[in-house]
Amino acid sequence: METPPKNMPLKNYRVLDLSRIWAGPYCTKLFADMGAEIIKMESLSVYDSHRGPVTPARGIAAYPDGEPGEEPWNRNGWFNCLHMSKYGITLELTKDEGRRVFERLVSISDVVIENFRQGSLERLGYTYQELRKHRPDLIYVSMPAFGNTGPWKGYLGYGIGQEQLSGMAHMTGYRGEGPMKSGINHGDPITGSHAAGVLMAALRHRRKTGKGMFIDVSQQESSVALMGPEVLAYQMTGQEPERQGNRSGWYAPANSYPCAGEDRWVTIAATNEERWQNLAYATGIAGLADDPKFATLEKRRENHDELDRIIGEWTSSQEAYAITEILQNAGVPAGPVLRGPDLLADAHYKDRGTFVTVDHPQVGLKQYPGIPWRMSATPGQVRWPSPTLGQHNREVYNELLGLTGIEIDQLDETGIIGTKPTGSRII
Amino acid sequence: MPGLLEGVKVLDLTHYIAGPYCTKLLSGLGADVLKIEHPKRGDGVRWLGPFASGKTDSASGTNAPEDGAWFLYLNTAKQSVALDLQSSEGRRVLLELAAKADILVENFAPGGMDRLGLSYSELHKINPALVMTSISNFGQTGPYRDWKAAELNLYALGGLMNITGEPEQEPLKEGMPLAQLGAGQNAFAATMAALMYAEETGEGQQIDLAIAEYATNILENALMQYSYSGQEYSRVGNRGYGRAAWGIYPCLDGHVGIIAGPDHRWPEVARIMGREELSDPRFLSRAGRLENADEVDAYMLPFLVENNKVDIFKAGQESGLGFSFVATMKDILEMEQLLDRAYFVELDHPVAGKLIYPGAPIMPEESIDAWVFQRAPLLGEHTTSALDSWLSYSEAQVSELITQGVLTQGQGV
């Protein structure tokens, strides 16, 4: 295994990570970014479904050049962007020898984290009480969709569903049209990020008291927590929030406007009177700044459609970055709607190292989102690419558990560990 | 009610959304959070409605409002100290507080702290173990450092907007400011990591967190498929990218989320919808459904528009399918699962009155007092008590500073 990083905040902590897909993995990604030792444990029969199917069709863009290759589960970009700097092992918990190994892993871990459907680990005999027998001060993070209690505890949930059940989707959409989902699944990173911070508070608490704890994460509750202002607003006004498109209840105008080129857009937000005036002058449209139809916030709201048309005509012949420059120079909030290629080529993100180039043994050099913040004393870095299935079995089982080569071979031969999937029901 | 972070001292120089959500998580976990506010205007978010008093719009007038929904939610369990940072005496008091703090969180535009004479290097000199978390739109460095941005612009520059909305219409932002709130969450995690490091080594540091970068960090496959195969992700409206029967659909009393998958569960979807046509072999695979997406939708809609959202949700869930529904605010407040888990807390505020607040985003076991639930402070409510508890200022010292206009003490209501 790698030498632990010298000065990273969480270098002294080991997390046994049974989580899958996105919510749990985003939590442990932030931990890995901060230097924690993450042991990502998968099963050969049901590996992390972000690795994709065992035999996918060709041409799916998540694979390098659409080519799944001989081991597609190791070449999927969905998976490979979330597990950098983690160790990857496999283990079958349905077999007795696998369970003995698992219990030894628990005994040397500070944290166990999982986001199975509620009760899955319990059905294998592993409640928090049981896990604590192997590690008395264990912190166990369980993050099913709706938490570990209540009438919906056994229900399934995905991040996309949490956008709906938290009310986020209710507020998102074009004016006068139905609710709209986002392009991603916000519920996942929201839960993962909340969990990362609370888990650090729990580790700190353990450092002071010597006591572990059980952390019951409801992905839904974590998402509703971001809806608080609207939950209060509803009680104050008795009115459900209206879908506003890109407009704001606090200022006008605000929208994304068409630019030169195909599907090119620039966003503009005149967040106060001064910025509205600056915007009006910057467009160079004669009389716009003094037009009584747009003189006050109320007027601009009332005539927002017309204003959108006027601004849209001005933007439609120009480049999104060029308009942004003009408006930013005039102190007006503006920015292009960036697409994938724009993001990777953008001068600001290049300057800040927002995306990092990582060499994956089965993928080669590709760009990934990096560590989402900078730290002056413990800068950190992406230390290695996402693990292939079972990549670190030998290192972990030998160096951490002290198993001999022969013992590890035996686990391999009996199908308890390995590097080739055995399941067919992986979606 | 001590909280997991009892005893941690936080100096909170944040305002509006991203910074306050970060420090709300710290105060919620029991840290001692002093929210430094301008004596007259307070946090700018105080002026944004709606308000409990019935004003529905941005407030005007001279007194900072106490009862705006955004302020009330984002500032629970904090203490408000009304301090004029522009005055030299105010700066002196702030430096004294910073010397005692474990954490300082700020979200001024980059350079704002320097202009106040409160740069990290200055603060580091008086408190080497201090964690200073700086949240900004684009970060403390880089060509866009000084750009102005609202949520709309951050969502666009962060890459999330390009993939939200209908392909033939303009790109759309989320209704909630999820870039700012999500960045606030990540700032909380980053701050906790730096705090643990500082407590172990005595070494503080500055965290530079950019809201736009939070957005770029959660693009997942929307970025990765371009990185891997050069194929761009695009807007697909309410259908999942490259999927069918996977998204938001209308129903009798609102909207539901249908999630078809994995393939071996599809017959269950067909059974729930009561349409034999859906069992057609052409629809059995994800690829087949995608190819015939409109036809699949047409067979599902009659069932959906005749049934209520909660019934459809439960019919799916009872069959092991991850259906959902689009909850309204009313639905959320009445949701049986949230009520059963005692998720909400009622807080009484002297101006806003009693309101139901979402509680802890994550709840450790009941036997541990992890969170504290207290209302947001009135402007300057804790000026005297905080200067006493942090700096042992006498009443006379505080009065003197109030006379000089450096501090104000909220009168209470």
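The values are calculated or read from the model by the stated rules, or taken from the named source; none is laboratory data. The model shown is predicted, which means the values in this text are computed figures rather than measured ones. Neighbour counts run over all protein chains shown; Cβ positions are idealised from the backbone, glycine included. Side chains are part of the model used for accessible areas, which takes the heavy atoms of the whole protein and leaves out ligands, DNA and RNA. Shrake-Rupley method; radii C 1.70, N 1.55, O 1.52, S 1.80 Å.
Would you mind stating whether A:Asp33 is over 21 Å from A:Ala145 (Cβ atoms), buried (at least 24 other Cβ atoms within 10 Å of the Cβ) and touching a Pro at 6+ places or on another chain (Cβ under 8 Å)?
Working: over 21 Å from A:Ala145 (Cβ atoms): yes; buried (at least 24 other Cβ atoms within 10 Å of the Cβ): yes; touching a Pro at 6+ places or on another chain (Cβ under 8 Å): yes.
So A:Asp33 fits the description; yes.
Residues that are within 20 Å of A:Ile38 (Cα to Cα), open to solvent by 50 Å² or more (accessible area, probe 1.4 Å) and out of contact with any Asp or Glu (no Cβ under 8 Å at 6 or more places or on another chain) within region A:120-145 comprise A:Arg132, A:Pro136, listed in sequence order.
Region A:320-407 holds helices (runs of 4 or more DSSP H) entirely within its bounds, and those carrying 2 or more residues that are within 30 Å of A:Pro258 (Cβ to Cβ) and more than 10 Å from chain B (Cβ to nearest Cβ) map to A:320-329. How many residues, within region A:256-277, are under 11 Å from A:Pro333 (Cα atoms), open to solvent by less than 40 Å² (accessible area, probe 1.4 Å) and of a type outside the set (A, V, I, L, M, F, W, C)? Of the residues in region A:256-277, 2 are under 11 Å from A:Pro333 (Cα atoms), open to solvent by less than 40 Å² (accessible area, probe 1.4 Å) and of a type outside the set (A, V, I, L, M, F, W, C).
Within region B:207-252, take every residue that is charged (D, E, K, R) and more than 20 Å from B:Gly288 (Cα to Cα) and give me the one that is surrounded by the fewest Cβ atoms within 10 Å (Cβ to Cβ). Explain how you work it out, then say what you get.
Pass one, region B:207-252, residues charged (D, E, K, R): B:208, B:213, B:220, B:232, B:235, B:239, B:243.
Adding the requirement that they be more than 20 Å from B:Gly288 (Cα to Cα) leaves B:208, B:213, B:220, B:232, B:235.
Working: B:Asp208: 22, B:Glu213: 30, B:Glu220: 23, B:Glu232: 17, B:Arg235: 20.
Taking the candidates together, the pick is B:Glu232.
Taking (1) under 25 Å from A:Val112 (Cα atoms); (2) touching a residue at least 12 places away in the same chain (Cβ under 8 Å); (3) facing chain B (nearest Cβ under 7 Å) in turn, A:Leu165 satisfies each apart from (1).
Residues being at the interface with chain B (Cβ under 7 Å from one of its Cβ atoms), of a type outside the set (Ser, Thr, Tyr), within 20 Å of A:Glu122 (Cβ to Cβ) and crowded, with 24+ Cβ neighbours inside 10 Å are entirely absent from region A:170-191.
A:Leu279 - would you say it is of a type in the set (A, V, I, L, M), over 33 Å from the mean Cα position of the chain (by Cα) and part of a helix (DSSP H, G or I)? Yes: the conditions hold for A:Leu279. Only residues that are more than 7 Å from chain A (Cβ to nearest Cβ) and under 19 Å from B:Gly242 (Cα atoms) were counted in region B:168-182, giving 1.
The set of residues in region A:209-250 that are in contact with a strand residue (DSSP E or B) (Cβ under 9 Å, 6 or more places away or on another chain), in the same structural domain as A:Gly119 (by TED's automatic domain parsing) and among the hydroxyl-bearing types (Ser, Thr, Tyr) contains only A:Ser218. Of the set (1) in a helix (DSSP H, G or I); (2) open to solvent by 30 Å² or more (accessible area, probe 1.4 Å); (3) within 14 Å of another protein chain (Cβ to nearest Cβ), all apply to B:Glu96 but (3). Of the residues B:Glu318, B:Glu306, B:Glu336, which single one is at the interface with chain A (Cβ under 7 Å from one of its Cβ atoms) and either aromatic (Phe, Trp, Tyr) or open to solvent by 10 Å² or more (accessible area, probe 1.4 Å) (or both)? Within the list B:Glu318, B:Glu306, B:Glu336, the selection yields B:Glu336.
Look at B:Ile312 and say whether it is under 30 Å from B:Leu157 (Cα atoms), more than 10 Å from chain A (Cβ to nearest Cβ) and in contact with a strand residue (DSSP E or B) (Cβ under 8 Å, 6 or more places away or on another chain). Spelling it out, it is not the case that B:Ile312 is under 30 Å from B:Leu157 (Cα atoms), more than 10 Å from chain A (Cβ to nearest Cβ) and in contact with a strand residue (DSSP E or B) (Cβ under 8 Å, 6 or more places away or on another chain).
Screening region A:408-427 for residues that are part of a helix (DSSP H, G or I) and open to solvent by 30 Å² or more (accessible area, probe 1.4 Å) and picking the one that is farthest from A:Glu70 (Cα to Cα) gives A:Gln410.
Listed by first and then second residue, the pairs linking a residue in region B:130-150 that is more than 8 Å from chain A (Cβ to nearest Cβ) and more than 20 Å from B:Val105 (Cα to Cα) to a residue that is open to solvent by 20 Å² or more (accessible area, probe 1.4 Å) and in a loop (DSSP other than H, G, I, E, B), with Cβ atoms under 7 Å apart and 6 or more places separating them unless they lie on different chains, form an empty list. Does B:Ala64 meet the test of being in the same structural domain as B:Val398 (by TED's automatic domain parsing), modelled with pLDDT under 95 and crowded, with 22+ Cβ neighbours inside 10 Å? Yes; evaluated as a whole, the condition is true for this residue. Counting only residues that are buried (at least 16 other Cβ atoms within 10 Å of the Cβ) and within 9 Å of chain A (Cβ to nearest Cβ), region B:357-375 holds 10 of them. Every condition in (1) in contact with a Phe, Trp or Tyr (Cβ under 8 Å, 6 or more places away or on another chain); (2) open to solvent by 10 Å² or more (accessible area, probe 1.4 Å); (3) facing chain B (nearest Cβ under 7 Å); (4) not hydrophobic (A, V, I, L, M, F, W, C) is met by A:Gly197 except one, and the failing one is (2). What about B:Asp253, is it of a type in the set (D, E, K, R), touching a residue at least 40 places away in the same chain (Cβ under 8 Å) and more than 14 Å from A:Ser182 (Cα to Cα)? Considered against the rule, which asks whether it is of a type in the set (D, E, K, R), touching a residue at least 40 places away in the same chain (Cβ under 8 Å) and more than 14 Å from A:Ser182 (Cα to Cα), B:Asp253 comes out as yes.
Consider B:Gly165 carefully, then state whether it is within 16 Å of A:Arg264 (Cα to Cα) and facing another protein chain (nearest Cβ under 7 Å). Give the steps one after another, and end with the answer.
Working: within 16 Å of A:Arg264 (Cα to Cα): yes; facing another protein chain (nearest Cβ under 7 Å): yes.
Considered against the rule, which asks whether it is within 16 Å of A:Arg264 (Cα to Cα) and facing another protein chain (nearest Cβ under 7 Å), B:Gly165 comes out as yes.
Results for (1) more than 29 Å from A:Ser166 (Cβ to Cβ); (2) touching a His at 6+ places or on another chain (Cβ under 9 Å), shown as yes or no for each residue.
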| site | (1), (2) |
| --- | --- |
| A:Asp188 | no, no |
| A:His194 | no, no |
| A:Arg207 | yes, no |
| A:Lys211 | yes, yes |
| A:Asn272 | yes, no |
| A:Leu279 | yes, no |
| A:Gly287 | yes, no |
| A:Asp290 | yes, no |
| A:Phe294 | yes, no |
